[in-house]
Amino acid sequence: MNYLAVDIGAESGRVMHGNLADGLLRLEELHRFANQPVQLPSGRYWDSFRLFHEIVEGLAVAGRERKLRVDGIGIDTWGVDFGLLGPDGGLIDCPRHYRDARNIGVTERIFEVVPREEVFAQTGIQFMQINSLVQLYAMRLENPRTLESAERLLFMPDLLNYWLTGVERAEVTIASTSQFYDPRTRAFCGAMLEKLGIPSRILPELVEPGRLLGHLLPHLAERTGLGPVPIYASAGHDTASAVVAAPGEGDDWCYVSSGTWSLMGVELPGPVIDARALELNYTNEAGVEGRTRLLKNIAGLWVLQECRRCWAEAGERHSYEELAQMAEESGPAKALIDPDDFLLPGDMPERIAQWLRARELPEPRGKGETCRIILESLAERYRQVLEGLESLTGRTIRKIHIVGGGARHALLNRLVAQATGRTVFAGPVEATAAGNVLVQAMGAGAVRDLEEARAVVRQSFEIEKF
């Protein structure tokens, strides 16, 4: 069986070929492309048309160059962001970037209408200014006519699936990142949106991961050489796909989907929505097979990525491997930061220095010390979140499965093992693409269930132990 997984993160996207045979999954990258936001006078946007163009280019590599016979295509992306369609099915506003400055201060405005406790009781979602609910209310405050003219809201993977198939649906794992989705009923919180003056009529029909959405539209079937390939609603949220490929067994493990964001959590039969979860600001997102991902969003390697970008703009270009070596050679950090205080783009090295200076803590001397501070701070944040997970679930967590691109970061993995006192298992690096493929295979009946999917992962990928 051959599947194509379109996996788009906050920095880059790729089209991956997944071959599933004899209980083994083999992945191959066919096409990679940058995902670069666009700053306009009106705000910060995703270049969604460019993303779709690159997806089609990747599909053409599979069909026209490689002559693959493909059994399914699935798309996953980062969470929370969305596009709005007009009555003619066209975009009426390009998807905003979750780091758009328009969101600043809007959460507090929401609480003036719907109290914080009520929002959490309905959604079980961590409060962050990037959430879809915040973005929609910011839109209502700034330009309510946009919402009035909207016919349909589609989250990013749903929008891209719509352009492939013409089918308007929202897959539940991506919808659950919005903060207007109830993880207990697996339905939207339309009444809460109406209370905020946001029309619930724009909400699409929900579908579970693995659902067959439709087939590649005729002009795309011709353009790519693939023919009318089935398009599946994979686990549209990239973290949900990555968790499918976390090779854990039993209930004494947690996962970290490590990349631009670090999403750390456990898989549960249902959500945890109580006063303690609200106090700790944890989030309940939908998973595969009706499961819940209780987790915490952490700033992740974003802080390091922004430092690298700033140094590159100053003419000092370094690979991530070089930065890791500098951090290794700098020795233990003399101070730590809170990674979640650095969510907005900017001069990250200077902002870290200012943060430490304001607290009369030692400032880093050079790039190596800056990188070491970031990595040790992340490891410490993982320790705090792990203890919160144990408190909320009553479970003892003995193993941490780090999956995704951050699993390559041996120094960070070692620091996490040291900070938490737990055994760390790193890999697979391509967990999101693997999970995407496996959810498609589950929808097609080629893989029985989640347990079998994880057995395939354990047999197919090398896992490193720390």
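The values are calculated or read from the model by the stated rules, or taken from the named source; none is laboratory data. For clarity, every value in this text was computed on a predicted model and none was experimentally measured. Cβ atoms come from the backbone with ideal geometry, glycine included; neighbour counts cover every protein chain shown. Just the protein is used for accessible areas: all its heavy atoms, side chains included, with ligands, DNA and RNA removed. Shrake-Rupley method; radii C 1.70, N 1.55, O 1.52, S 1.80 Å.
A few notes on this one:
- Arg140 accessible area, assembled protein chains, probe 1.4 Å, Å²: 80 Å²
- Taking Cα centre as origin and charging only the Cβ of basic (Lys, Arg, +1) and acidic (Asp, Glu, -1) residues, the dipole magnitude of the chain rounds to 200 debye.
- Cα gyration tensor category, rounded, prolate or oblate, for region 321-364 with a/c compared to 1.5: oblate
- Highest-first arrangement of 39-52, 413-426, 168-181, 98-111, where packing means the average Cβ count within 10 Å: 168-181, 413-426, 98-111, 39-52
- Taking the accessible area of the chain, probe 1.4 Å, and keeping the other protein chains in place, the carbon and sulfur fraction comes to 47%.
- Looking at the chain alone, DSSP beta bridges between its own residues are antiparallel in about 70 percent of cases.
- Solvent exposure ordering (accessible area, 1.4 Å, most first) of Thr224, Thr146: Thr146, Thr224
- Loop GluC sites (Glu not before Pro), region 287-341 (other Cβ atoms within 10 Å of the site Cβ: 12 or fewer; DSSP): Glu316
- Kirkwood Rh, angstrom, the chain [1 / mean 1/r, Cα pairs]: 22.5 Å
- Dipole magnitude for region 376-456: computed about the Cα centre from +1 point charges on Lys and Arg Cβ and -1 point charges on Asp and Glu Cβ, it is near 200 debye.
- Rolling a 1.4 Å probe across all protein chains gives Arg308 an accessible area of roughly 80 Å².
- Cα centroid of region 387-465 to Cα centroid of region 239-301, whole Å: 11 Å
- Low-density loop positions, GluC sites (Glu not before Pro), region 395-463 - DSSP coil, at most 11 other Cβ in 10 Å: Glu462
- Mean Cβ count within 10 Å, highest first, over the residues of peptides 215-221, 160-166: 160-166, 215-221
- Under 5 Å from the amide H of Ser176 lie the amide H atoms of Ala286, each residue being 5 or more positions distant or on a separate chain, with H modelled from the backbone and absent for Pro and chain starts.
- Cross-link reach is defined here as a Cα-Cα straight distance under 20 Å, omitting same-chain residues fewer than 8 places apart; for Lys465 the lysines meeting it are Lys399.
- For Val447, the residues whose amide H sits under 5 Å from its own are Met442, ignoring neighbours fewer than 5 places away on the same chain, with H placed 1.01 Å from N.
- Residues in region 257-267 carry Karplus couplings, in order, of 8, 9, x, 3, 9, 10, 10, 10, x, 10, 9 Hz; the curve used is 6.51 cos²θ - 1.76 cosθ + 1.60 with θ = phi - 60°, and Gly or Pro positions show x.
- Average accessible area per residue (Å²) across region 268-391 - probe 1.4 Å, nucleic acids and ligands excluded: 43 Å²
- Shown is the FRET efficiency for Ala187 and Val38, computed with R0 = 35 Å from the Cβ-Cβ distance and rounded to the nearest 0.05: 0.55.
- For region 7-140, the ratio of Cα radius of gyration to the globular rule of thumb 2.2 N^0.38 Å stands at 1.33.
- The length gained by stretching the chain between Glu142 and Val56 to full extension, at 0.36 nm per residue less their Cα-Cα distance, is 27.5 nm.
- Rounded to whole numbers, the Karplus 3J(HN,Hα) couplings from phi for region 93-102 are 7, 4, x, 6, 7, 4, 8, 4, 5, 4 Hz, using 6.51 cos²θ - 1.76 cosθ + 1.60 with θ = phi - 60°, and x at Gly and Pro.
- Leading residue at positive end of dipole, the chain (Cβ point charges), from Val256, Ile231, Asn161: Val256
- Exposure rank, largest accessible area first [Lys195, Lys465, Lys399; 1.4 Å]: Lys465, Lys195, Lys399
- Rounded if a/c under 1.5, otherwise prolate or oblate - region 249-336, Cα gyration tensor axes: prolate
- Dipole magnitude for region 301-342: computed about the Cα centre from +1 point charges on Lys and Arg Cβ and -1 point charges on Asp and Glu Cβ, it is near 100 debye.
- Residues Met326, Met1, Met348, sorted by accessible area with the largest first, give Met1, Met326, Met348 [1.4 Å probe; ligands and nucleic acids excluded].
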